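Peer 1: Shown below is the structure under consideration.
The values are calculated or read from the model by the stated rules, or taken from the named source; none is laboratory data. Just so it is clear, the structure is predicted and the values come from calculations on it, not from any experiment. Cβ sites come from the backbone with ideal geometry, for glycine too, and all protein chains shown count toward neighbours. For accessibility, only protein heavy atoms count, side chains too; no ligands or nucleic acids. Shrake-Rupley method; radii C 1.70, N 1.55, O 1.52, S 1.80 Å.
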Amino acid sequence: MTALTLSTAGAATLRADALVVGVAKGSKGPVLAPGAEAVDKAFDGKLATVLEALGATGAEGEVTKLPAPDGLKVPVVIAVGLGSAPEKGGAYDAEALRRAAGSAARVLAGAKKAGFALPLASAGDAGAVAEGALLGAYAFTAYQGGEDKLAPKGKKNGNGPKLPLAEVALLGGKPRDKAFKAAVERATAVTEEINRARDLINTPPNDLYPESFAAVATAAGKEHGIKVQVLDEKALVKGGYGGLLGVGQGSSHGPRLVKLAYTHPKAEKTLALVGKGITYDSGGISLKPAGHNETMKCDMSGAAAVFAAVVAAARLGLQVNVTGWLALAENMPSGNATRPGDVLRMYSGKTVEVLNTDAEGRLVLADALTRASEEKPDAIVDVATLTGAMVLALGNRTFGIMANDDAFRTSIHEIADEVGEASWPMPLPADLRKGMDSPTADIANMGERMGGGLVAGLFLQEFVGEGITWAHLDIAGPAFHEGAPYGYTPKGGTGSAVRTLVGLAERTAAGDLG
């Protein structure tokens, strides 16, 4: 895990492997950002000119490496783009700082220590840079570089992966300032849990299945004072959890429902978070076509986000009760698997005709939503990689938000924007509900093809307790990134929605949610 400190050292005196400075797009060329003054002085006041000669513009995501001149104690200077420079007296956008710090941290893989001399005009800026650096330094290496028993002296396989940047020193901050210190401590706790969620998402499904995921949650609960309850197959049968059992019955790995409860003695509000945890999704009998199975280990990203958010809330000591529900199952085809046409009796007592076994996420979520509703929380938010339709609607970087309360949906959208996660409010058109009418059961798990993401939201709404404020986050697009890394976003699991959920818990604790 990358270490992070607020350093009292100056940019000119810091001993490290590299020094990171910011550069922005100005009207007449690249402009140095605050924090780069000592480095510019070492370049005789010509750093911006040198960068421009090398083709740097200050565009977001741009990284330029330069050999350090005399006067600095580091061998390399790395200039990262911050996008357009703010107007005179203005501040840099927090997300621009996160992405710049993340880009630099990724480039510095393998280094032991780097100084980050990016703009830190406020404690919020320090938190943003810390988040970006710690998220950008992430690497999933658990299955790489192991010992090769056939090689002489047991050498490792291949060259082995580069380890993440070991230490980040934030320069220009105020180590003794309570606000700066709190911002960095918060960033560390939240990003460590995001990276834990990323690890879970990236873990191969032969090692991560419902029982092993539940074991991870149980261990984290013991570590952070969170009460954990695991319902295994016998308990699910006894309780009548037909959705979870129906989805999981085709697998040799039985389903689980995991409850994580963080409580604060002074809390006045309770927030329930429900996560879809399909540890592998083959589609079941409605088998996915070739080319669509390879990344389906990521179908538990919603549960990973909920798990991470509950642990982060506990680590931050937020004055709100946060309960997480992880609906865990593996969706596989076998002689025991649920068939299209089967009818499941859900935990709520409603019956569902299964028209497509690849629409399984809504089935496990339905049981968990009903169970969460029984505890009468002030609000429920479910998170799921639920529909390809949402990816078609919003792309790969934006998640959709649906809710039974417009003000609540707006609040979550605002929180997501504040923490740097792209989202968009989506409707729940009542006319689409009729498409899920079934001649056999109370409801079908499929409806009209057009607007499929909204249909899924309408299905879930059927299982939310009366009078409970609820929102649904469909993170199918941003949960797993298959392209080249950018900013602080790695290839693979991203930890999408964790920051939004933590922000929601913080706002609820502060009494600002209404």
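Peer 1: Which residues, taken from the range 45-83, are in contact (Cβ under 8 Å) with a residue 24 or more places away in the chain and either at positive phi or open to solvent by 90 Å² or more (accessible area, probe 1.4 Å) (or both)?
Peer 2: Listed by number, the residues that qualify are G58, E60, G61, K65, D70, G71, K73, G83.
Peer 1: Same structure again: Please state which one of K288, K276 is over 25 Å from A235 (Cβ atoms) and out of contact with any Phe, Trp or Tyr (no Cβ under 7 Å at 6 or more places or on another chain).
Peer 2: Sole residue among the options that is over 25 Å from A235 (Cβ atoms) and out of contact with any Phe, Trp or Tyr (no Cβ under 7 Å at 6 or more places or on another chain): K288.
Peer 1: Moving on to the next point. Restricting attention to the range 106-127, and to residues there that are out of contact with any strand residue (DSSP E or B) (no Cβ under 7 Å at 6 or more places or on another chain) and part of a helix (DSSP H, G or I), which single residue is surrounded by the fewest Cβ atoms within 10 Å (Cβ to Cβ)?
Peer 2: My answer is G124.
Peer 1: Another one. Look through the range 85-105, keep the residues that are aliphatic (A, V, I, L, M) and surrounded by fewer than 23 Cβ atoms within 10 Å (Cβ to Cβ), and return whichever of them is farthest from the chain's Cα centre (by Cα).
Peer 2: Filtering first and then ranking leaves A85.
Peer 1: Picking from G154, G158, G173, which residue would you name as being small (G, A, S), open to solvent by 40 Å² or more (accessible area, probe 1.4 Å) and modelled with pLDDT under 90?
Peer 2: G158
Peer 1: Residues that are within 30 Å of A79 (Cα to Cα), open to solvent by 10 Å² or more (accessible area, probe 1.4 Å) and touching a Lys or Arg at 6+ places or on another chain (Cβ under 6 Å), at least 1 per element: which helices (runs of 4 or more DSSP H) completely within the range 388-503 meet that?
Peer 2: Details: elements: 388-394, 406-419, 452-461.
So the answer is 406-419.
Peer 1: Examine the range 342-356 for a residue that is touching a Lys or Arg at 6+ places or on another chain (Cβ under 9 Å), within 17 Å of K288 (Cα to Cα) and in a loop (DSSP other than H, G, I, E, B), and state whether such a residue exists.
Peer 2: So far as the range 342-356 goes, yes, one or more of its residues are touching a Lys or Arg at 6+ places or on another chain (Cβ under 9 Å), within 17 Å of K288 (Cα to Cα) and in a loop (DSSP other than H, G, I, E, B).
Peer 1: Please enumerate the residues belonging to the range 14-37 that are farther than 17 Å from L66 by Cβ, in contact with a strand residue (DSSP E or B) (Cβ under 8 Å, 6 or more places away or on another chain) and without any contact (Cβ under 8 Å) to a residue 24 or more places away in the chain.
Peer 2: None - no residue of the range 14-37 is farther than 17 Å from L66 by Cβ, in contact with a strand residue (DSSP E or B) (Cβ under 8 Å, 6 or more places away or on another chain) and without any contact (Cβ under 8 Å) to a residue 24 or more places away in the chain, so the list stays empty.
Peer 1: Oh, and also: As an exercise: evaluate R371 against (1) part of a loop (DSSP other than H, G, I, E, B); (2) among the basic types (K, R); (3) touching a strand residue (DSSP E or B) at 6+ places or on another chain (Cβ under 8 Å) and give the number of the one condition it does not meet.
Peer 2: Single failed check for R371: (1).
Peer 1: Are any of the residues in the range 300-310 at pLDDT 95 or above, among the hydroxyl-bearing types (S, T, Y) and open to solvent by 10 Å² or more (accessible area, probe 1.4 Å)?
Peer 2: No - not one qualifying residue is present in the range 300-310.
Peer 1: Checking L513 against (1) at pLDDT 95 or above; (2) over 30 Å from A79 (Cα atoms); (3) in a loop (DSSP other than H, G, I, E, B); (4) touching a Leu at 6+ places or on another chain (Cβ under 9 Å), which single condition isn't satisfied?
Peer 2: (1)
Peer 1: Every residue in the range 314-334 that is more than 24 Å from S212 (Cβ to Cβ) and small (G, A, S), please.
Peer 2: G317
Peer 1: Is it fair to say V237 is open to solvent by 10 Å² or more (accessible area, probe 1.4 Å) and not in a helix (DSSP H, G or I)?
Peer 2: no
Peer 1: Assess whether E294 counts as being in a strand (DSSP E or B) and more than 18 Å from the chain's Cα centre (by Cα).
Peer 2: When the stated conditions are applied, E294 does not pass them.
Peer 1: Scan the strands (runs of 3 or more DSSP E) fully inside the range 1-103 and keep the ones with 2 or more residues being of a type in the set (S, T, Y).
Peer 2: The strands (runs of 3 or more DSSP E) meeting that bar are 3-7.
Peer 1: If you go through the range 358-377 one residue at a time, do you hit one that is under 24 Å from Q229 (Cβ atoms), of a type in the set (D, E) and surrounded by fewer than 23 Cβ atoms within 10 Å (Cβ to Cβ)?
Peer 2: From the range 358-377, those under 24 Å from Q229 (Cβ atoms) are 360-377; that's our starting set.
Among the residues that remain, those that are also of a type in the set (D, E) are: 360, 367, 374-375.
From what's left, surrounded by fewer than 23 Cβ atoms within 10 Å (Cβ to Cβ): 374-375.
Yes, the range 358-377 contains at least one residue that is under 24 Å from Q229 (Cβ atoms), of a type in the set (D, E) and surrounded by fewer than 23 Cβ atoms within 10 Å (Cβ to Cβ).
Peer 1: So, in the range 4-24, exactly how many residues are modelled with pLDDT of 95 or more and over 19 Å from L108 (Cα atoms)?
Peer 2: Counting residues in the range 4-24 that are modelled with pLDDT of 95 or more and over 19 Å from L108 (Cα atoms) gives 1.
Peer 1: Can you tell me which residues in the range 253-299 are among the hydroxyl-bearing types (S, T, Y), open to solvent by 40 Å² or more (accessible area, probe 1.4 Å) and free of Cβ contacts under 8 Å to residues at least 60 places away in the same chain?
Peer 2: Of everything in the range 253-299, just one residue is among the hydroxyl-bearing types (S, T, Y), open to solvent by 40 Å² or more (accessible area, probe 1.4 Å) and free of Cβ contacts under 8 Å to residues at least 60 places away in the same chain, namely T263.
Peer 1: Here's a follow-up. Select from the range 198-216 the residues that are touching a strand residue (DSSP E or B) at 6+ places or on another chain (Cβ under 7 Å), part of a helix (DSSP H, G or I) and touching a residue at least 60 places away in the same chain (Cβ under 8 Å) and write down the one among them that is nearest to A309 (Cα to Cα). Break it down stepwise before answering.
Peer 2: Filtering the range 198-216 down to residues touching a strand residue (DSSP E or B) at 6+ places or on another chain (Cβ under 7 Å) leaves 198, 201-202, 205, 208-211, 213-214.
So of that shortlist, the ones also part of a helix (DSSP H, G or I) come out as 198, 201-202, 210-211, 213-214.
Next, only the ones that are touching a residue at least 60 places away in the same chain (Cβ under 8 Å) stay: 198, 201-202, 210, 213-214.
Details: R198: 13, I201: 15, N202: 18, P210: 19, F213: 15, A214: 16 Å.
In this case the residue turns out to be R198.
Peer 1: Quick check on the range 249-267: of everything there that is within 25 Å of the chain's Cα centre (by Cα) and of a type outside the set (S, T, Y), which residue is nearest to P377 (Cα to Cα)?
Peer 2: Among those that are within 25 Å of the chain's Cα centre (by Cα) and of a type outside the set (S, T, Y), it is A261.
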